[in-house]
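Read through the structure below, which is laid out as structure tokens, and then see the notes.
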Amino acid sequence: MNARLSCRTASGILAGLFLLGCAKQAPPPGGPVDQTAPDMEAVEPASGSVGVPRQAPIILHFSEAMNRREVERALDIFPAPPAPPNLAWRGSALSIEPDTAWAANQTYIITLQVEARDLRGNRLARSRQVAFSTGEKIDSGKVSGTILRSLRSQAGALALCYRVDGTALNPETDTADYVVVSDAEGHFEFEFLSPGSYRVFGLEDRDRDWLWNIGSEWIAVPGADVELNEFQAEWELQPLHLTALDTVRAVPTACRRLSDRFVRVDFDRATDALVLSRCEVTTHSPGGSE
């Protein structure tokens, strides 16, 4: 699978270049301590807009003055444009301007992760997603869920969403198609998804490289893939439980025939249904021939 990269790759460079020409930012002096989470109040054109001109900027309006460097680091665009967009601040508004033009007939999802902060250091309450389309329709699929660790909500974990296209998916090496950070309750949402099959992992991503590092990071493996279509455009996943890598293989403990087509196999521990579905099954007749 070819990994799709977000504008995160170049955001640090863009931020550095842009800030060289900006006045130094600092928290406002005096007054009561501000502990209110900032928010994205509006977007131009409005989220969900279709027929957006390919050269049009996308403007994010915030509820207060933001730490520009932190916002730019927390900004991701899916799918990634061929060249990183230009970022221009006007007060508390951020203008995202295509380097040349947005792709034709494409739904773009702009994700602002919870790491974005205001000048007082307050983070967003949750990740925010907005979308627009340069075509006449916009994708509307939605997948949501919760990430847990030791049965408790895990804030700040990554939800990695991959499109299932028939090739092998490996969270160690493949960058997810869409990424969001779980909020204080461990909740996450992917919006504006096109019809198709998706697989969502939870990840304790300590180094924030969007990849699973075995031995140092916990991962949550889904029990099944998600199929979005015209009959089911929204999907709530079962909770994703973060666990350390288990190197002990599951062992079958019993096998019972249920019918001519089905058998029941019991294992000595919980087993990944996705792995079992890819296993080859060999049957033997009473005479010993396969």
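Points to keep in mind about this one:
- Ranked by the mean number of other Cβ atoms within 10 Å of their residues, highest first, the peptides 154-165, 200-211 come out as 154-165, 200-211.
- Estimated D of segment 154-249 in µm² per second, where Rh is the Kirkwood radius over Cα pairs and Stokes-Einstein applies at 25 °C, 0.890 mPa s: 176 µm²/s
- Prolate/oblate/rounded label for segment 195-242 (Cα gyration tensor, a/c 1.5): prolate
- Largest to smallest in accessible area, the residues 148, 75 fall in the order 148, 75 (1.4 Å probe, all protein chains included).
- Relative contact order computed over segment 176-271 (Cα-Cα under 8 Å; 6+ residues apart), in percent: 21 percent
- The heavy atoms of residue 100 present about 110 square angstrom of accessible area, all protein chains included, probe 1.4 Å.
- Relative to the 2.2 N^0.38 Å rule of thumb, segment 32-72 has a C-alpha radius of gyration ratio of 1.50.
- Principal semi-axes of the equivalent ellipsoid, √(5λ) from the alpha carbon gyration tensor of segment 126-181, are 24, 18, 10 Å from largest down.
- When the surface is traced with a 1.4 Å probe over the full set of protein chains, residue 142 keeps roughly 50 Å² accessible.
- Three-way shape call for segment 61-218 based on the alpha-carbon gyration tensor, with the a/c threshold at 1.5: oblate
- Prolate/oblate/rounded label for segment 27-118 (Cα gyration tensor, a/c 1.5): prolate
The values are calculated or read from the model by the stated rules, or taken from the named source; none is laboratory data. All values reported here derive from a predicted model rather than from experimental measurement. Every residue, glycine as well, gets a Cβ built from its backbone with ideal geometry; the counts of neighbours run over all protein chains shown. We work out accessible area using only protein heavy atoms, side chains counted, and drop any ligands, DNA or RNA first. Shrake-Rupley method; radii C 1.70, N 1.55, O 1.52, S 1.80 Å.
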